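Read through the structure below, which is laid out as structure tokens, and then see the notes.
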Amino acid sequence: MPSVLLSNRMTIFRIGRYVNSLHFSRNASVGSQIAEEVSKLLELKAQLSDDGPQKFTLKTPKGTRDYSPQQMVIRNRVLDKIITVFKKHGAETIDTPIFELKEVLTGKYGEDSKLIYDLADQGGEILSLRYDLTVPFARYLAMNKITNIKRYQIAKVYRRDNPAMTRGRYREFYQCDFDIAGQYDAMIPDAECVKVATEILSSLELGDFVIKVNHRRLLDGLFEACGIPATSFRTACSSVDKLDKTPWEEVRAEMVGEKKLDVEAVDQLGEYVRMNGGEELVETLLADPKIGGTAAAKEGLQAVKLFLKYCNLFGVSNKISFDLSLARGLDYYTGIIYEAVLLGQTVEVKATDNKDAATQEVGVGSVAGGGRYDNLVGMFDAKGRAVPCVGISIGVERIFSIMEANLAREKAKSGEVFRTTEVEAFVASAQKNMLTHRMGLCRDLWDGGIKVEMSYKQNPKLLAQLQYCEERGIPFALVIGESEVEKGIVKLREVTSRKEEDIPRENVVEEIRKRLQLCS
């Protein structure tokens with residue numbers, strides 16, 4: 001056993017022995033005995049720290065990840081496409097703190113409230129990391145007395161969940177939110193949110209997808225018609241919300257066994273929550289005396305019918321599925337709810353953490369979700385003034401996982417260089433003592449708006465510089481030597497074809513611009 005480790009263990013044993021031996025005689029001075037024992041413990045602590053630094057495993061915290069330059073390129077491409085769609089629909093952006101007063105977040109997420117990260121008291125404020133971007137947005141509206149806004153926000157949120165990182169489920173992850181706040185006619189902004197989601201998913205070319213749609217009022221009416229007590233609506237809703245990844249038999253067992261709901265009521269509910277379709281299903285349910293005769297269910301069905309009409313006008317009805325299993329467990333939803341799911345997309349995951357374990361393909365789950373939340377802002381307003389809101393959130397981490405896997409397959413097939421920079425030209429020297437000329441040429445190119453690099457060595461080898469260009473996918477190399485300096489020219493080299501051409505030094509910026517336009 002190493003001497004340092006043995007010493008540490010002996011010291012810990014001695015600390016424990018001292019602590020266990022602490023006892024005070026009734027006649028002894030308690031204060032002096034405490035001081036003596038504390039002094040001994042401090043000496044032992046000093047010995048322990050003198051043994052050298054303690055070893056630990058260097059890793060990111062569970063449920064988090066680093067992003068390599070290659071992964072950042074993918075992420076930025078995804079975010080750029082998402083922001084383009086948000087702006088196309090007239091949204092403006094805001095930002096909010098990553099932590100909020102705990103009371104702002106409390107009571108907004110139903111059973112998921114246990115996943116909120118609470119922070120230690122920092123000077124009198126009890127704080128928590130934000131769970132999503134929706135509740136902070138509602139707080140922002142109430143605090144600033146804003147009644148109309150169309151906003152987008154892209155930021156990190158935090159959930160103390162069980163991560164499944166290969167499937168894009170993390171404890172720290174990005175959300176991309178698009179929300180419309182204000183008093184408008186029914187279902188018009190709701191349908192636009194779904195239109196936004198379809199444009200984003202189509203632009204990312206992830207394959208076929210479907211957007212499941214339901215209505216919270218319809219769910220409440222459905223629970224009522226089946227005999228679920230009103231006090232159990234939210235807990236029943238959280239169970240139904242698991243049907244996208246859990247068989248009905250397990251959901252039924254949870255509702256009956258854990259949540260003590262009536263067996264007959266749960267079985268009646270099971271007949272409905274497994275239904276899905278389109279406008280024909282709406283008409284079928286309206287004609288059902290049990291469902292159509294319930295005021296809340298009828299209200300929800302009429303709203304879904306209008307929503308589907310507007311989706312048809314926006315040209316997205318072929319992507320919509322009216323699905324009674326969709327519940328979305330968050331407490332703040334009050335109306336239409338929706339969730340986007342990729343069809344046929346899987347990622348490879350290992351059954352265990354063993355690196356040699358076999359992999360299996362599993363679905364990635366939903367990649368977007370949202371709905372209407374008309375009462376959330378009013379919860380933060382002193383007079384309870386509500387601001388109707390509806391929104392959609394894009395789950396980009398799962399999208400990143402899919403795109404990374406797709407890119408890895410494409411790269412393996414093609415062998416093409418995956419660029420992580422946007423450098424357009426590399427200034428190279430063919431001989432020694434060219435540093436000042438290279439720096440001057442770089443200055444002129446940077447000032448001309450060209451993205452340029454050069455070697456930081458005073459006398460780099462030409463072959464190493466050209467190989468660097470090939471490895472990084474840099475399209476052009478500008479080579480200078482003594483003869484080029486004397487003639488006032490620069491040798492322009494196309495890296496892929498290796499063709500070279502002499503161009504006047506004063507025309508180099510314009511020549512690079514011209515060739516870049518031809519390449520684009």
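The values are calculated or read from the model by the stated rules, or taken from the named source; none is laboratory data. Quantities reported herein were computed from a predicted structural model and do not represent experimental measurements. Note: ideal-geometry Cβ built from the backbone for every residue, glycine included; neighbour counts use all protein chains shown. To get the accessible areas, we keep the full protein, side chains included, count just its heavy atoms, and leave off ligands, DNA and RNA. Shrake-Rupley method; radii C 1.70, N 1.55, O 1.52, S 1.80 Å.
See the values below:
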quantity: Flag if LEU42 is at pLDDT 60 or above, over 30 Å from ILE126 (Cβ atoms), open to solvent by 100 Å² or more (accessible area, probe 1.4 Å) and of a type in the set (A, V, I, L, M); calculated: yes
quantity: Options THR96, THR106, THR60; residue that is touching a Pro at 6+ places or on another chain (Cβ under 9 Å) and not acidic (Asp, Glu); calculated: THR96
quantity: Residue within the range 264-278 that is closer than 26 Å to GLU397 by Cβ and in a strand (DSSP E or B) present; calculated: no
quantity: Matching entry among GLU205, GLU258 (being on the phi > 0 side of the Ramachandran plot, of a type in the set (Asp, Glu) and within 32 Å of the chain's Cα centre (by Cα)); calculated: GLU205
quantity: Restricting the range 500-520 to residues that are in contact with a Leu (Cβ under 9 Å, 6 or more places away or on another chain) and basic (Lys, Arg), the residue that is modelled with the highest pLDDT; calculated: ARG505
quantity: Criterion: loosely packed, with under 10 Cβ neighbours inside 10 Å and modelled with pLDDT of 90 or more - qualifying residue of ASP50, ASP66, ASP95, ASP118; calculated: ASP66
quantity: Of all residues in the range 241-265 being in contact with a helix residue (DSSP H, G or I) (Cβ under 7 Å, 6 or more places away or on another chain) and in contact (Cβ under 8 Å) with a residue 24 or more places away in the chain, the one that is farthest from GLY227 (Cα to Cα); calculated: LEU243
quantity: Test: residue in the range 245-264 that is of a type in the set (Lys, Arg), within 19 Å of PHE209 (Cα to Cα) and modelled with pLDDT under 95; calculated: yes
quantity: Candidate set: the range 461-471, residues that are over 38 Å from the mean Cα position of the chain (by Cα) and within 23 Å of GLU422 (Cβ to Cβ); chosen: the one most open to solvent (accessible area, probe 1.4 Å); calculated: ALA464
quantity: Boolean, PHE314 is surrounded by fewer than 18 Cβ atoms within 10 Å (Cβ to Cβ), of a type in the set (Phe, Trp, Tyr) and closer than 29 Å to GLU192 by Cα; calculated: yes
quantity: Positions within the range 298-334 being under 23 Å from TYR109 (Cβ atoms) and part of a helix (DSSP H, G or I), in sequence order; calculated: GLY300
quantity: Residues of the range 236-263 that turn out to be open to solvent by less than 60 Å² (accessible area, probe 1.4 Å), within 21 Å of ILE291 (Cβ to Cβ) and in a helix (DSSP H, G or I), as a count; calculated: 9
quantity: Tally of residues being open to solvent by 90 Å² or more (accessible area, probe 1.4 Å) and closer than 14 Å to LEU326 by Cβ across the range 298-311; calculated: 0
quantity: Among residues of the range 408-460, those that are of a type in the set (A, V, I, L, M), open to solvent by 20 Å² or more (accessible area, probe 1.4 Å) and touching a residue at least 12 places away in the same chain (Cβ under 8 Å), counted; calculated: 5
quantity: Among (1) touching a Leu at 6+ places or on another chain (Cβ under 9 Å); (2) open to solvent by 60 Å² or more (accessible area, probe 1.4 Å) - the single one GLN153 does not satisfy; calculated: (2)
quantity: Hits in the range 279-297 (condition: open to solvent by less than 40 Å² (accessible area, probe 1.4 Å) and either outside any helix (DSSP H, G or I) or touching a Lys or Arg at 6+ places or on another chain (Cβ under 7 Å) (or both)); calculated: VAL282, ASP288, GLY292, THR294, ALA296
quantity: The range 273-297 residues that are free of Cβ contacts under 8 Å to residues at least 60 places away in the same chain and more than 16 Å from GLU224 (Cβ to Cβ), paired with ones that are open to solvent by less than 90 Å² (accessible area, probe 1.4 Å) and of a type in the set (D, E, K, R) (beta carbon under 7 Å, 6 or more apart); calculated: GLU279/LYS305; VAL282/LYS305
quantity: Residue that is modelled with the lowest pLDDT, among those in the range 121-134 that are farther than 23 Å from THR334 by Cβ and open to solvent by 10 Å² or more (accessible area, probe 1.4 Å); calculated: GLN122
